[in-house]
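The block underneath contains the structure these notes are about, expressed in structure tokens.
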Amino acid sequence: MSQMPQPKALSRCPSCEEPLESGDRYCGACGYDLSVVPAPPSDTPTLTMNGRVPRPASAAAPVDWPSAPTAGGPEAPASVHLPTDLAGTDSADSHLPAPAPAQGASRGVRLDRASEPDDYPLAAPQPVDPRTAPPAVPAAEPKLCVACRTGRVDDDGYCEHCGHAQPRERDHMEQESGPSAAVSDRGLRHHRNEDAFALSQSVLPDGSPVLVAVVCDGVSSATRPDDASLAAARAANESLLAALPCGTHPQQALHDAIVTASHAVNALATEPETAQEHTPHQNAPACTLVSAVVTASLLVVGWVGDSRAYWVPVDRGAPPARLTEDDSWAAQMVAAGLMSEAQAYADERAHAITGWLGADAYELEPHTAAFKPDRPGVVVVCTDGLWNYAESAEEMAEVVPSDAAHRPLHAARVLLGHALDGGGHDNVTVAVVPFPALPQRAGSA
């Protein structure tokens, strides 16, 4: 059963705060009529510091307030600072702005809350000046798997759909430099690409053009072979670009560049990374190197190891030529007359190199040779990953496209495809450099 709420009995007199007995209708101390219950205030009352409720105005004793002193007189009190006159600070000691008083209201603490509008007016958007606006950055498109072409590639380089490992940056590289081009690929059997190349162009002191191609093959049985080939290619290229414009003869500049590359590879042997990756059956970082410097009238090649350079004339009626001799066990057997070339390269020891760049090389013997071809052609600079499938000069000339001098990148890709079609057992790197070096035509890449 529902009941009506009953008024709560008073325990103290509202007037004098004297204790009351249950059922008292009048206060025994001051005679206050306890049946008269004051109406509740229309707003939230302000409590005094001691927690007592102020007396009603009808019962409050009159107060004899002193008259206010004259403004500016000797008894006038000092000016009062209201809370809004003082700047405050937050917990981080940052200054808080003082709130501005409402128009028509006295300064001080507001006990009521200002009415809030239902809708807030929004400022109209300001037009953007296209001259000063920052350029919009397009969102990066998700990288798709090269195998399934549907799954996204995670941060570790694997497809989230099929799990296929994605090619790394050095797994396949292509570059064009003026009329020259180069391609490098991991091949079909190796887990990484240990080859490297550098391709550049410059001018001689007389203003004639010069083309530079450097190809290096890391020795797989050594520590950090990929770092060795990259360091050698970069060092040799930088050395040539510094020497050739100063008037150094190309053959001497190439010899010095190979020595500089050797120093760069030797320096890897003392780096902490080499000690971390070194195992008892591995040697210091090592690689082979072959380079070609082509001018308007001179062709110079230099090498250490078994990477090669071939000459293929544009006129296929003229004979091609191999411009380098391998630093290998097979080449030594042939040079000594102990085996024929076919017998030597059929032996399992054929590709054991006898010269390389590295801290544990027996003796550095850079080889250089200069030629003056009497007709235009191309120089093919490559690692054994290519010439294993086109060993003789005639075999190489058969697979080089006839328009290689005008489309070097296409020719390099064709030669890479030939090696991959043959099995791709090794890393493949090839540079195609036309001879003679002609000034770059306007508008060419």
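This table checks each residue for (1) among the polar types (S, T, N, Q); (2) under 39 Å from the mean Cα position of the chain (by Cα); (3) at pLDDT 95 or above.
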site: PRO366; (1), (2), (3): no, yes, yes
site: LYS372; (1), (2), (3): no, no, yes
site: THR383; (1), (2), (3): yes, yes, yes
site: GLU398; (1), (2), (3): no, no, yes
site: ALA405; (1), (2), (3): no, yes, yes
site: GLY443; (1), (2), (3): no, yes, no
Can we say ASP360 is under 46 Å from the mean Cα position of the chain (by Cα), assigned to a loop (DSSP other than H, G, I, E, B) and surrounded by 21 or more Cβ atoms within 10 Å (Cβ to Cβ)? no
Among the residues of region 193-222, the number that are within 28 Å of the chain's Cα centre (by Cα), under 13 Å from GLY358 (Cα atoms) and surrounded by fewer than 23 Cβ atoms within 10 Å (Cβ to Cβ) is 0
Looking at VAL381, is it within 28 Å of GLU176 (Cβ to Cβ), open to solvent by less than 40 Å² (accessible area, probe 1.4 Å), in contact with a His (Cβ under 7 Å, 6 or more places away or on another chain) and not aromatic (Phe, Trp, Tyr)? no
Counting only residues that are touching a residue at least 60 places away in the same chain (Cβ under 8 Å) and in a loop (DSSP other than H, G, I, E, B), which one in region 363-390 is nearest to ASP185 (Cα to Cα)? THR383
Only one of (1) open to solvent by 20 Å² or more (accessible area, probe 1.4 Å); (2) in contact (Cβ under 8 Å) with a residue 40 or more places away in the chain; (3) part of a loop (DSSP other than H, G, I, E, B) is not met by THR324, so which one is it? (1)
Inside region 149-208, counting only strands (runs of 3 or more DSSP E) that do not spill past its ends, which hold 2 or more residues that are aliphatic (A, V, I, L, M) and farther than 23 Å from ALA412 by Cβ? none
Pick from region 166-193 the residues that are in contact (Cβ under 8 Å) with a residue 60 or more places away in the chain and of a type in the set (S, T, N, Q): which of them is farthest from VAL210 (Cα to Cα)? ASN193
Considering only region 332-355, state which residues are open to solvent by less than 40 Å² (accessible area, probe 1.4 Å), under 45 Å from the mean Cα position of the chain (by Cα) and among the hydrophobic types (A, V, I, L, M, F, W, C). ALA350
Return the residue satisfying two criteria in turn: it lies in region 422-441 and is outside any strand (DSSP E or B) and among the hydrophobic types (A, V, I, L, M, F, W, C), and of such residues it is modelled with the highest pLDDT. ALA437
For a quick check of your reading of the model, give me the residue pairs whose first member lies in region 280-300 and is within 14 Å of LEU323 (Cβ to Cβ) and without any contact (Cβ under 8 Å) to a residue 40 or more places away in the chain, whose second is assigned to a loop (DSSP other than H, G, I, E, B) and open to solvent by less than 10 Å² (accessible area, probe 1.4 Å), with beta-carbon atoms closer than 6 Å and at least 6 apart or on different chains. none
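The values are calculated or read from the model by the stated rules, or taken from the named source; none is laboratory data. Remember, predicted model here, so these are calculated numbers, not experimental data. Positions of Cβ are generated from backbone atoms using ideal geometry, with glycine treated the same way; all protein chains shown enter the neighbour counts. All accessible areas refer to the heavy atoms of the entire protein, side chains included, with ligands and DNA or RNA removed. Shrake-Rupley method; radii C 1.70, N 1.55, O 1.52, S 1.80 Å.
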